[in-house]
Amino acid sequence: MIAAIAVVIFAVFTNLWTDRLWFASMGYGSVFSKMLWTRVGLFVGFGLLMATAVAANTAIAYRLRPSFRLGGPTSPLLERYREVLESRFVWVMIALGVVVGLFAGGAAAGQVSTYLAWRNSTPFGQVDPKFGLDISFFVFDYPWWRFTLSFLFTALLFSAVAAAIVHYVMGGLRLSAPRRGGTAAAQAHLSILVGLAVLVKAASYWFDRYGLEVASTPIFTGLNYTADHAQVNARTILAVIALLCAVMFFANAVLRRWMVPMIGLVLLIVSAILLGVAYPGAVQNFSVKPDEPDKERPYIERNIAATRAAYAVEGVKIEDYSAKTTATAGQLRSDAEALPGIRLIDPAVVGPAYEQLQQVRGYYSFPAVLDVDRYTINGTETDAVVAVREMDHRGVEGQNWNNLHTVYTHGYGLVAAYGNRRQSGGEPEWIARDIPPTGAIAEHESRVYFGELQTDYSVVGSPAGSRPIELDTPGGGQGGNPKMYTYTGQGGVPIGSAWRRLLYAAKFADVNLLLSDRVNSASKIIYDRTPRERVMKAAPWLKVDTNAYPAVVEGRIVWIVDGYTTSNSYPNSQRVSLERSTSDAQTSVGTIAAQPDTMVNYMRNSVKAVVDAYDGSVKLYAWDEQDPVLKTWKKAFPGVVLDKSKISKDLLSHLRYPEDLFKVQREILAKYHMTNPSNWYQQTDLWQIPTDPVAGTGRKEAPHFLSIKWPGDEKAIFSLTSVFVPNQRQNLSAYMAVNADASSPDYGELRILRMSDTSQIDGPGQTANAMVTNEKVADRLRPFLNQGSANAQFGNLLTLPIGGGLLYVQPVYTQRQGSDGSYPALRFVMVRFGQEVGIGDTLQQALDQVFKGDSGASTGEQSSGGGGTPPTGDGKVDNPAATKALKEAQSAFAAADKALSTGDLAQYQAKIKEAQAAVERALKAMGG
């Protein structure tokens, strides 16, 4: 028994002490200390309060035991209990106090965030319309006071029960005839305890009035007609009745007439049923329901206003859009600038291409879903599909402890490709590639010790002059051997001492940390290596976006993570499930997981977090500096969050609008775009997010990052976009976008194009069906859809407001079957405008098909070594030599397609080379 207790204590100490070391290594020791000592304070304070209350009242009951017992027979069992209690009372009292104290302390320790928020609350500067209280009362104060009142009631209830048991055992109470009753002291003691409990219940009834503003009702969250006209008054009356009942119990301590307080208690119970349940139910069913739209109208107005404010969508701009559905020649001329920004490389599809073309070795890997970022290349900002080459231990040949924990310790380099370009064979055109990295993105430190795929611990570092043992790059060493490396970063916990090695051996249940000579005096252990994990530990009061994305900032690879402050008690704001709102067709793919199943009704992107991929350091930058919740946590943890002004220009250029916030906002706007209470109640214009027509899983379509030119704007803007369809319908209702460029003065501006009711615009599902069933598309894709040597894979279906209507663009990838080295290559581009559908080898070809042979603008689509016709400003080529060469290239590409469709890969490769040569001749003829 003693050994088991010692093991448990050592395990708790190990986790606690190693956490302290981890926070200290991160520079967040103050966070650990504040959380620890607050938790300890709550545990000790509330635990002692509960233990003291129960033990003290038990002692009082024992001290008030009668000198002689009330008459009447007693059972032998009761006599034995009495003897035990008399002989071991002190130990019984201590044991009882310890047990209830531990439970109470544990419950209180779990309220550390609630306590810190209450202790450091910041006013919102806005009041609720019913009680005139600042919103901070509901967000910060109300949850803490509810817990405190619940704790006090429980403590008094336990005390009364414990005291009653002692009084009964010691003869101060008799529950059986003929001498049912108790001594004067016992009756007085129990009367006071029950009176105090009822007094706390009175306070709870009073606070319950405020809770009605954050309660869920049948149609919305917040105060409704029934709550305002029945439940508020009922809670007030119940508080008064409970107060009077408490006074009766206090009086009974002297009068000892139990009939009076018991009548009061029965009255309270009956009143709670009548006033708390029956009366509101009658008002709801007989007064509200027959006239619900009119009765609830002012409360719906409050809910709409509060919800739009709580989710920061009150400023959304909704424009009516009479989208054109006919395509004419030259229609896109006014939107020419937006066309080159159309992202054809789908980050959810091209992951295998990155694996095959940039993996280099089997122990490197990329996530299944890549990320979209922006880089300025040769003075032009371009969308890029990016990923980090991370270490993947599943590909390590020798699966032993030394390899897994001391040799294969880090990945290497960021890989980026143009979002709107592809090579002649359909492969991505690289901006940054290879090991060591080459290309247009300069990296000063390319090693990746912290990333999304690196979940196991590594032991790094060694004394000066020691032989390096970490694999750095597959080549570059002497004689063509791998290059080795020794970690020199500041990250990681030093484990050179025997004591720390023992602690971490116990933490990870790995004796090798004690036995291996590779753990030396200069060693560090790095763990908790995913960016989201590090941010959540450094700032436990934040919820973080499900998708961290990499960027090269000032020569270093960093992970950017969006942090959210949330609340579940913003008055009158609609609650939503964070998990359900942020789940879509991509949340179950790769490393992207859904948010926890938490209900929220307030959300802000208050923090931008940056995790260095080399040393794991975490920097938190205030983003929404006006957020009262962020101000509260900054007071609780001073110095942890850096000012927004500390964000460098380079970092700012890579910050973007957070995906999860956008998903929650679109979920809200599906209903709360309606600001008229009558329309809101009748749901005459209810929208919904369409299912993803590509994934085919029945899950919601994911939003897309791409550069779009909004109707009436002068230039294209990097945006996060989504669409809506009517409830239970598939035609398009609205198009939504937010300015996602953090360096723009209009960052975060939400805009919606509402489709006209006079003509139907097909939604994503209808468009995907129309594209695939189109005769031209079917003819081009037939070789890839009928068990040929290569199959077709559809990319993301992008929607753009362009040409006075809505343009759908979808890349089509082909992938050779029956080969371990195959990967999806961008082969075709499909386009739809109105009812017109086009498909081409390039976006330009598809657009020209749709717009009567001339879209009026050039896509600027480029490919290194071929794969398309390099256009001039008007989309045509006037150089005769170039024209001849391009015709030859086109013929060669056609022959290559035919060879591929018949499975003749040798002929396919020969024709591709022939086409590439022709394109090179064309480029030379054009002076390229």
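The values are calculated or read from the model by the stated rules, or taken from the named source; none is laboratory data. Here the structure is a predicted model, which is why all the values come from computation and not from measurement. Cβ coordinates were reconstructed from backbone atoms using ideal geometry, including for glycine residues, and neighbour counts include every protein chain displayed.
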Quick count over segment 123-182, residues being among the acidic types (Asp, Glu) and part of a loop (DSSP other than H, G, I, E, B), is 1
Expected output for segment 493-519 (first residue basic (Lys, Arg), partner buried (at least 16 other Cβ atoms within 10 Å of the Cβ) and in a helix (DSSP H, G or I), Cβ below 6 Å, 6+ apart or cross-chain) is Arg501/Leu513; Lys507/Thr14; Lys507/Thr18; Arg518/Thr406
When Glu625 is run through (1) under 22 Å from Val738 (Cα atoms); (2) in contact with a helix residue (DSSP H, G or I) (Cβ under 6 Å, 6 or more places away or on another chain); (3) part of a strand (DSSP E or B), the failure sits at (3)
Tyr457 vs (1) at negative phi; (2) in contact with a Ser or Thr (Cβ under 9 Å, 6 or more places away or on another chain): all pass except (2)
Within segment 635-653, residues in contact with a strand residue (DSSP E or B) (Cβ under 8 Å, 6 or more places away or on another chain) and either aliphatic (A, V, I, L, M) or buried (at least 22 other Cβ atoms within 10 Å of the Cβ) (or both) come out as Val640, Val641, Leu642, Ile647, Leu651
The strands (runs of 3 or more DSSP E) lying wholly within segment 653-764 that contain at least 2 residues that are modelled with pLDDT under 95 are 704-708, 717-726
Of those in segment 303-337 that are of a type in the set (Lys, Arg) and in a strand (DSSP E or B), the residue surrounded by the most Cβ atoms within 10 Å (Cβ to Cβ) is Lys324
Scanning segment 356-392 residue by residue, those buried (at least 17 other Cβ atoms within 10 Å of the Cβ) and part of a helix (DSSP H, G or I) turn out to be Leu357, Gln358
Scanning segment 667-682 for residues that are surrounded by fewer than 19 Cβ atoms within 10 Å (Cβ to Cβ) and either touching a residue at least 12 places away in the same chain (Cβ under 8 Å) or within 14 Å of Phe724 (Cα to Cα) (or both) gives Lys671, Thr675, Ser678, Tyr681, Gln682
| request: Could you check, for segment 711-718, whether at least one of its residues is surrounded by 23 or more Cβ atoms within 10 Å (Cβ to Cβ) and either of a type in the set (A, V, I, L, M, F, W, C) or closer than 26 Å to Gln810 by Cα (or both)? | output: yes
ask   = Could you say whether any residue in segment 412-421 is in contact with a Gly (Cβ under 6 Å, 6 or more places away or on another chain), part of a strand (DSSP E or B) and at negative phi?
value = no
Selection from segment 129-143 of residues of a type outside the set (Phe, Trp, Tyr), surrounded by fewer than 24 Cβ atoms within 10 Å (Cβ to Cβ) and under 14 Å from Val629 (Cβ atoms) yields Asp134, Ser136, Asp141, Pro143
